[in-house]
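This report concerns only the one structure given below.
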Amino acid sequence: MKSTGIIRKVDELGRIVLPIELRRTLDIAERDELEIYMEGDRIILQKFEPSCVFCSSSRELVSYRGKNICQECIRSMGKY
């Protein structure tokens, strides 16, 4: 993991500000969704990319009952 040397304080509402340099580098814009998860004692922020619930593909997604399914998985389900 690369250290940036940037330190931010958490405000009274639990928020932090991501520096513009990081947002530009990671292509994070206003209103983009970030996924938050933990690995051991680390908090990981990752730009959220919707994916298929079956194969994790992010191409040609269709939303069905609140779940994302790719066209390939839809075609393969038609075989059963």
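Values quoted throughout were computed directly from the atomic coordinates according to the rules given, and no laboratory measurement underlies them. Worth saying up front: this structure is predicted, and the values here are computed from it rather than measured. Here the Cβ is made from the backbone with ideal geometry for all residues, glycine too, and neighbour counts use every protein chain on show.
Net charge near I44, counting Lys/Arg +1 and Asp/Glu -1 over other residues with Cβ under 15 Å of its Cβ? Residues near I44 contribute -2 overall.
Between the amide H of S51 and any residue lying 5 or more places away or on another chain, no distance stays under 5 Å, with hydrogens modeled in the peptide plane.
Cut-off under 25 Å on the C-alpha distance; same-chain residues fewer than 8 positions from K47 excluded. Which lysines are left, in chain and number order? Of all the lysines, those that pass the test against K47 - Cα under 25 Å, at least 8 places apart if same chain - are K2, K9, K67. Classify segment 1-48 as rounded, prolate or oblate, taking a ≥ b ≥ c as the square roots of the eigenvalues of its Cα gyration tensor: rounded when a/c is under 1.5, otherwise prolate if a/b is larger than b/c and oblate if not. Here segment 1-48 falls in the rounded category. Here's how it looks for I28: its modeled amide H is under 5 Å from none belonging to a residue 5 or more places away or on a different chain.
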